[in-house]
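S.K.: The structure is given below, and queries will be raised subsequently.
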Amino acid sequence: MPGRALGGRVAVVTGAAGGIGRVLVQALLAEGAGVAALDLSAEGLTALRDGVPAEAANRLLVRTTDISDYAACRSAVADAIAVLGGLHILINN
């Protein structure tokens, strides 16, 4: 049954605001995963968040993050674990 294959799992997706990253976030959410979407573009992340179906909104965490900054990455991962309940999948896009 589509929509629950990844239920209870949490993914971090970098480059999440556009192109392949956006499609990956949408697919993960559709399969029931929680997703921490990271990108440099605050505007793109806002558009991503606004386009998510209401039933999946509580499973999406968006963070403007420069992944070349180690401290920013640590903070984003800590937020994902605290807010979404863990980390099981990492997609560096």
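S.K.: Are there any pairs, at least 6 apart or on different chains, whose C-beta atoms fall under 7 Å, with the first in the range 16-34 and on the phi > 0 side of the Ramachandran plot and the second in a loop (DSSP other than H, G, I, E, B) and surrounded by fewer than 24 Cβ atoms within 10 Å (Cβ to Cβ), and if so, which?
M.R.: Close Cβ pairs (under 7 Å, with a partner that is in a loop (DSSP other than H, G, I, E, B) and surrounded by fewer than 24 Cβ atoms within 10 Å (Cβ to Cβ)) amount to GLY32/GLY3; GLY32/ARG4; GLY32/ALA5; GLY32/LEU6; GLY32/GLY7.
S.K.: Inspect the range 15-22 for any residue being part of a strand (DSSP E or B), surrounded by 14 or more Cβ atoms within 10 Å (Cβ to Cβ) and not hydrophobic (A, V, I, L, M, F, W, C) and give the result as yes or no.
M.R.: Going residue by residue through the range 15-22, those that are part of a strand (DSSP E or B) are none.
Within the range 15-22, not a single residue is part of a strand (DSSP E or B), surrounded by 14 or more Cβ atoms within 10 Å (Cβ to Cβ) and not hydrophobic (A, V, I, L, M, F, W, C).
S.K.: Applying the selection to the range 60-83, what residues are touching a helix residue (DSSP H, G or I) at 6+ places or on another chain (Cβ under 7 Å) and open to solvent by less than 40 Å² (accessible area, probe 1.4 Å)?
M.R.: Taking the range 60-83 as the starting set, the residues that turn out to be touching a helix residue (DSSP H, G or I) at 6+ places or on another chain (Cβ under 7 Å) are 60-67.
Correct list: LEU60, LEU61, VAL62, THR65.
S.K.: Which of the residues that make up the range 35-59 are of a type outside the set (Gly, Ala, Ser), buried (at least 16 other Cβ atoms within 10 Å of the Cβ) and out of contact with any Asp or Glu (no Cβ under 7 Å at 6 or more places or on another chain)?
M.R.: Quick first cut of the range 35-59, residues of a type outside the set (Gly, Ala, Ser) only: 35, 38-40, 43, 45-46, 48-50, 52-53, 55, 58-59.
Of the ones still in play, those that are also buried (at least 16 other Cβ atoms within 10 Å of the Cβ) are 35, 38-39, 45, 48, 52, 59.
Answer for the range 35-59, where residues must be of a type outside the set (Gly, Ala, Ser), buried (at least 16 other Cβ atoms within 10 Å of the Cβ) and out of contact with any Asp or Glu (no Cβ under 7 Å at 6 or more places or on another chain): VAL35, LEU38, ASP39, LEU48, VAL52, ARG59.
S.K.: Can you name the residue in the range 23-59 that is part of a loop (DSSP other than H, G, I, E, B) and out of contact with any Pro (no Cβ under 8 Å at 6 or more places or on another chain) and is also nearest to LEU90 (Cα to Cα) among such residues?
M.R.: To start, the set of residues in the range 23-59 that are part of a loop (DSSP other than H, G, I, E, B) comprises 31-33, 40-41, 51-53.
From what's left, out of contact with any Pro (no Cβ under 8 Å at 6 or more places or on another chain): 32-33, 40-41, 51-53.
Numbers: GLY32: 16, ALA33: 12, LEU40: 17, SER41: 19, GLY51: 22, VAL52: 20, PRO53: 22 Å.
The selected residue is ALA33.
S.K.: Sort through LEU29, LEU48, LEU87, LEU60 and tell me the only one that's among the aliphatic types (A, V, I, L, M) and more than 17 Å from GLY7 (Cβ to Cβ).
M.R.: On the way: LEU29 fails: more than 17 Å from GLY7 (Cβ to Cβ); LEU87 fails: more than 17 Å from GLY7 (Cβ to Cβ); LEU60 fails: more than 17 Å from GLY7 (Cβ to Cβ).
Being among the aliphatic types (A, V, I, L, M) and more than 17 Å from GLY7 (Cβ to Cβ) holds for just one of LEU29, LEU48, LEU87, LEU60, which is LEU48.
The values are calculated or read from the model by the stated rules, or taken from the named source; none is laboratory data. Because the structure is predicted, anything quoted here is derived from the model rather than measured. Because the Cβ atoms are built from the backbone with ideal geometry, glycine has one as well, and the counts that use them run over all protein chains shown. SASA here: full protein model, heavy atoms, side chains in, ligands and nucleic acids out. Shrake-Rupley method; radii C 1.70, N 1.55, O 1.52, S 1.80 Å.
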